[in-house]
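Notes follow once the structure below has been shown.
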Amino acid sequence: MTQTVPVISPLVIPSSLDPGDPAAADFIAAGQLLNDHMLELWGNTDFHDSPATQLAGCRPSPVRRRVLLAARSGREILGLATLSLPLADNTHSASVKVVVAPQARRAGLGSRLYAAVEQAAAAGGRRTILSETDHPERPAAGSGGTLAPKSGAGSIPADAAAVFASKSGFSLEQVERISRLDLAATAVGQEALDAAAAAAGADYGLEFWRGACPERLVDAYARLKQTMSVAPPMAGLDVEEEQWDAARVREAERKALDMDAEVLVSAVRHLPTGALAGHTVLMVFNSNPAVAFQDDTLVLREHRGHRLGMLLKAANLVRLREELPETARIWTWNAAENEHMLAINDELGFQPAGYSGEWQKVIGGAS
Ligand SMILES: CC(C)(COP(=O)(O)OP(=O)(O)OC[C@H]1O[C@@H](n2cnc3c(N)ncnc32)[C@H](O)[C@@H]1OP(=O)(O)O)[C@@H](O)C(=O)NCCC(=O)NCCS
C-alpha cells in the first residue's frame, strides 16, 4: 500500500463550533492534536484547553492575528503549525509552534510545516521568529545531553523539540524554569500576607479585582501592563515594549471572558502619591478549574525592596482560595536568571517542574 504525502494548507478559524460545519470539525481536531501533545509531554491534562477556549484564543483582535496551517492526509490532521502575529507593537516578530502527531514523526513533516509557517511569517513582513519548547522535569525519552542558552542561565535537554528547533535555524536565547505550587502543600496564606503587609509599612495599600479593572484604576493599570511587557529579563530576545492604554486593557478583559477565563488581579498602591506600584495576575479557565496560571507580577523599580512582591503574591493567593476554592495548583514560568522572582516563588512553596526553551530565528528581509 502506498502512503499518501500529507498536504499542508491553511486551516480556517471557524465562526462557531457548530458540529455541522466542516471547518469547525477540522478546528476541533487540530485543537485535540495540541491537547494530545500536552498529555504526551506532561502526563496530565493541566494544559488542556476546551475547543471554545481555543477558538476564542484564535479569533483576531486589534492586537494579534493568528494563522493556522494543517498537514492533512485525507481528512485526518497529522500536524499543525500555529503563527501568532502581533499587530499593535512588535510587528517585526511572530511566534510559531509546530506539532506533528506521534505516528507521523521523523518523516520530514515537521520541517515542511515549519518551512510553510516561516514563509507565512515572512509574507506578513516579520523578520524575527520566536518559539518556545517545553521540557518536563522527568527525563524525556531519547534525550541525550543538554543545551545551554546564550543567556548562560539554566539548560534544557537536547530532546526532539530542541534538536528540531536547532535544525530549523533557531538559537536558544533563554531558559525559563517552570514551577508548580500545590495549594494543599503550602502554608502560605493570611499569616504570610499580614507579615508582608507589616514589612511593606503604612505607605502601601492593596487593591483587588476579579474580571474588570475598576474604571478609576484602568489608566494606571495600562501603564503597569506596558512596563511589565519588558520588565522581566529578556536575554537576547528581540522583544520591544508593548503599547497599552485603557482600551487595550478592556480588550484583554473581553478576550479573557470569551476564553471563559477568570482573572484575579491584586495591585499595590503607594498611598502618599496614590500611584499603583505593582500588580500580579492569576488566571483560571472554567473548563479546567483545578489549574491556575500565574501571569504578570511586577513591582515598579522605585518601589522595590519593600517585600511588595511577596505582599502581592500572598494577597492574590488568599483571594484565589476565597474566590475559586476548586483551584488545586498554580503553574508559573520564570527566566532562570530571575533570582528575585524565583526566591519569592520558592518561599511560597513553588517546586521546579520543568524548563522551557526560548528560541529565536532572524529571517531578515523586512524591517
Ligand atoms: C519536534 C517535532 C515537530 C518534529 O516533527 P517531525 O515531523 O518528526 O520533524 P522532521 O521529521 O522534519 O525532523 C527534522 C529534524 O528534527 C530533528 N528531530 C526530530 N525528531 C527528533 C528526535 N526524536 N530526536 C532527535 N532529533 C529529532 C532531527 O534533526 C530531524 O532531522 P533528521 O530526521 O534528518 O535527523 C515533533 O517531534 C513534535 O511534534 N513534537 C512535539 C511538539 C514540539 O515539541 N514542537 C516543537 C516546538 S514548536
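Compute the orientation-averaged projected area for the stretch 51-200 from the convex hull of its Cα atoms and round it to one decimal in nm².
13.8
Give me GLU176, GLU118 ranked fewest to most by other Cβ atoms within 10 Å of their Cβ, as a rough exposure proxy.
On the way: GLU176 25, GLU118 20.
The order, fewest Cβ neighbours first, is GLU118, GLU176.
Using the count of nearby Cβ atoms within 10 Å as a rough guide to exposure, how do LEU282, LEU320 rank from fewest to most? Write down the numbers at each step before the final one.
Working: LEU282 26, LEU320 20.
Result, fewest neighbours first: LEU320, LEU282.
Summing -39500 (n - 2.57) over the DSSP H runs of n ≥ 4 in the chain and dividing by its residue number, what mean residue ellipticity at 222 nm do you reach, to the nearest 500 deg cm²/dmol? Before the final figure, lay out each step's value.
Details: 9 runs with 113 residues, N = 367.
Mean residue ellipticity, 222 nm, calculated: -9500 deg cm²/dmol.
Tally the DSSP beta bridges in the stretch 181-355 and give the antiparallel ones as a percent, rounded to 5.
90
Roughly how far apart, in whole Å, are the Cα centres of the stretch 202-248 and the stretch 29-71?
For the stretch 202-248 versus the stretch 29-71, the Cα centre distance is 26 Å.
Rounded to two decimals, what ratio of Rg to Rh does the chain give with C-alpha atoms and a Kirkwood Rh? The partial results should precede the final answer.
Working: Rg = 21.1 Å, Rh = 21.8 Å.
Across the chain, the Cα-based Rg/Rh ratio is 0.97.
For the stretch 181-355, what are Rg and Dmax over the alpha carbons, in angstrom?
Calculated on Cα positions, Rg and Dmax stand at 15.5, 42 Å.
Over the stretch 181-355, what is the relative contact order in percent, taking alpha-carbon pairs closer than 8 angstrom and at least six residues apart?
29
So how strong a dipole does the stretch 181-355 carry about its Cα centre when Lys and Arg Cβ are +1 and Asp and Glu Cβ are -1, to the nearest 20 debye?
300
Specify the angular offset, from 0 to 90 degrees and rounded to the nearest 10, of the alpha carbon long axis of helix 246-258 from the longest principal axis of the alpha carbons in the chain.
Once rounded, one gets 60 degrees.
If you take the beta carbon distance between ALA187 and LEU271 as r and set R0 to 30 Å, what does 1/(1 + (r/R0)^6) give as a FRET efficiency, to the nearest 0.05?
The formula returns an efficiency of 0.55 here.
Estimate the FRET efficiency between GLU302 and ASP346 by the formula 1/(1 + (r/R0)^6), using the beta-carbon distance for r and 25 Å for R0, to the nearest 0.05.
On the way: r = 25 Å, r/R0 = 1.01.
With a Förster radius of 25 Å, E is 0.50.
Mind scanning LYS167/LYS225; LYS97/LYS150; LYS150/LYS255; LYS97/LYS167; LYS225/LYS313 and naming the pairs with a C-alpha gap bigger than 23 Å?
Listed pairs above 23 Å: LYS167/LYS225; LYS150/LYS255.
Order these peptides, 21-29, 66-74, by their mean beta-carbon neighbour count within 10 angstrom, highest first. Write down the numbers at each step before the final one.
Details: 21-29: 16.7, 66-74: 18.8.
Highest mean packing first, the order is 66-74, 21-29.
None of the figures in this text is laboratory data; all of them are computed from the coordinates on show. Computed from a prediction, not measured in an experiment: that's the story for all the values here. Don't worry about glycine lacking a Cβ; one is built from the backbone with ideal geometry, like all the others, and counts go over all protein chains shown.
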